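Here the structure comes first, spelled out in structure tokens, and everything after it is commentary.
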Amino acid sequence: MKIVVTGASGYIGRHLVPKLKSDGHDLLLVGRSPEQLARLHPDCASCSYDSLEQHVRGYEALVHLAVHNNTSDADLEQFTAVNVGLLKQVFDIAASANIARFVYIASFHDQSGGDPYSVSKAEAADWLDQQNGTSITKIRIPAVYAETFQGKLSMVSKFPKFARPAVLTFARALKPIVAMDLVVATITRSLVEPHFPETMHVSDDVTGNMPYRIWDSILNASFVLVVVLGFWWLLAALWVAIRVTSPGPAIFAQNRVGLHGQVFTCRKFRTMHAGTVQAGTHKVTADSITRIGAVLRRTKLDELPQVWNILRGHVSLIGPRPCLPIQHQLIEERRRKHVLTIKPGITGFAQVRNVDMSDPKRLATVDAQYLVRKSITADIGILLGTLTGRGLGDRVRN
């Protein structure tokens with residue numbers, strides 16, 4: 001395949017180019033200094049951005065790595081000039097040359113940060129979303145590390161070599177990071193796989209990360225102890241209030257889909273009238289909700305009995321919300337995106353972003369984003385969002 005690579009002299013480019021070359025691809029490297037690119041990769045063609053239009057004809061794909069990184073003290077105008085202006089210039093040239101595939105390396109930061117770097121990257125991603133006629137793939141990555149460390153991970157190089165793996169393990173528990181080999185492999189796949197996703201989030205897997213597992217265990221145990229020992233009186237009061245104000249049991253038991261697609265019995269305070277149809281909440285009418293149930297759902301107090309499910313190992317405090325066995329589309333979307341490889345949760349990444357089960361494909365996509373963002377800082381953000389009322393749970397049908 002004939003591939004154009006911009007920003008080839010950068011951190012990712014220095015690792016990607018040798019891989020693409022060894023795979024037999026014909027490369028055109030683009031940068032501000034073609035002479036430097038020629039010294040780094042003497043067996044590859046190179047050119048400047050100004051002369052790109054004269055060299056790009058006949059190429060099939062373009063990987064855009066050029067970026068003004070967040071390690072710089074530049075202002076918004078300088079970030080925008082490179083991260084937005086240069087992107088538009090390169091994309092327009094690629095589109096005019098009928099390049100079929102455009103691969104853009106985006107950042108986790110541009111979805112949440114308000115700093116100049118994040119703002120410029122978000123503007124660039126939004127602009128790309130509006131373009132048509134070219135197959136565009138966005139690969140979102142956090143801080144990257146290799147045998148050398150740059151940017152926010154440069155502090156790792158201050159530790160002795162024998163200690164660096166442990167430092168990286170703790171760093172991954174705190175925030176998402178990603179190994180260079182995984183970034184390179186993902187970019188390579190995006191170029192050759194015909195049905196590669198339009199957006200791919202990539203980070204190191206946290207499943208076997210011991211510091212994170214300890215955090216998760218402490219978080220779950222703390223929640224159970226606080227609810228059982230500190231709010232037993234509230235549980236009792238709510239149980240009585242539900243029984244007095246509407247006929248039926250106070251605790252509602254319902255089958256839900258959990259880890260690896262296994263069905264378990266989820267227990268919550270009943271918020272709907274007894275006999276309400278078993279369906280996703282978004283398919284249930286508003287008059288099915290009891291008066292006290294509306295309060296419980298708004299305050300999320302109906303979730304408290306799920307401490308029993310935490311004790312049984314069915315759920316965690318934080319994770320994708322478990323769905324009903326009859327919600328086949330959502331189950332299949334989650335299975336396809338590997339969401340069922342982690343325990344469901346009482347609250348989660350999608351819920352604090354007001355994404356509910358009425359849109360199964362979008363929900364599964366956001367759930368999958370949590371898989372790669374899963375970390376101590378992400379969990380704290382979800383907890384704070386839940387406690388401050390962000391996310392109102394699944395909406396009922398009017």
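Please treat every number below as a calculation from the coordinates, not as lab data. Everything numeric here is computed off the predicted structure, so don't read it as measured data. All Cβ positions, glycine included, derive from the backbone under ideal geometry; neighbour counts span all protein chains shown.
What pairs from Lys300/Lys343; Lys21/Lys121; Lys161/Lys337; Lys121/Lys175 go past 25 Å between their alpha carbons?
Distance filter (> 25 Å) returns Lys21/Lys121; Lys161/Lys337.
Evaluate the distance, in nm, between pseudo-label points positioned 7 Å from the Cα of Asp115 and of Thr377 along their respective Cα→Cβ axes.
0.9
Using 0.36 nm per residue of separation minus the Cα-Cα distance, give me the extension gain between Arg312 and Ser48 in nm, one decimal.
Using 0.36 nm per residue and subtracting the Cα-Cα distance, I get 89.0 nm.
Tell me, what ³J(HN,Hα) does each residue in the stretch 56-69 have, in order and in whole Hz, if you take phi through Karplus 6.51 cos²θ - 1.76 cosθ + 1.60 with θ = phi - 60° and put x for Gly and Pro?
So the J values, rounded to whole Hz, are 7, 4, x, 7, 9, 8, 9, 9, 9, 9, 4, 7, 9, 6.
Which Cα, out of Pro344, Ser375, His55, lies furthest along the positive dipole direction of the chain (beta carbon charges, K/R +1, D/E -1)?
Pro344
Take each of the peptides 249-256, 126-133, 308-315, average the number of other beta-carbon atoms within 10 Å over its residues, and list them starting from the highest.
Top to bottom by mean Cβ count within 10 Å: 308-315, 249-256, 126-133.
Grab the beta carbon distance between Gln89 and Lys361, set R0 = 25 Å, and tell me the FRET efficiency rounded to 0.05.
0.15
Rank-order 225-231, 332-338 by packing density, defined as the average count of other C-beta atoms within 10 Å over each peptide's residues, highest first.
332-338, 225-231
Determine the calculated [θ] at 222 nm for the chain from helices alone, applying -39500 (n - 2.57) to every DSSP H run no shorter than 4 residues and normalising by the residue count; nearest 500 deg cm²/dmol.
About -11500 deg cm²/dmol.
Taking Cα extents along the principal axes in Å as the quantity of interest, determine which of [x] 70, 41, 36; [y] 80, 50, 38; [z] 58, 53, 44 was computed from the displayed structure.
Of the listed options [x] 70, 41, 36; [y] 80, 50, 38; [z] 58, 53, 44, [y] comes from this structure.
When the dipole is taken about the Cα centre of the stretch 53-175, and only Lys, Arg (+1) and Asp, Glu (-1) are charged at their Cβ, what size is it in debye, to the nearest 20?
Rounded to the nearest 20 debye, it is 740 debye.
Place a label point 7 angstrom from the Cα of Leu229 along the Cα-to-Cβ direction, then list the residues of the stretch 191-222 whose backbone nitrogen is under 16 Å away.
218-222
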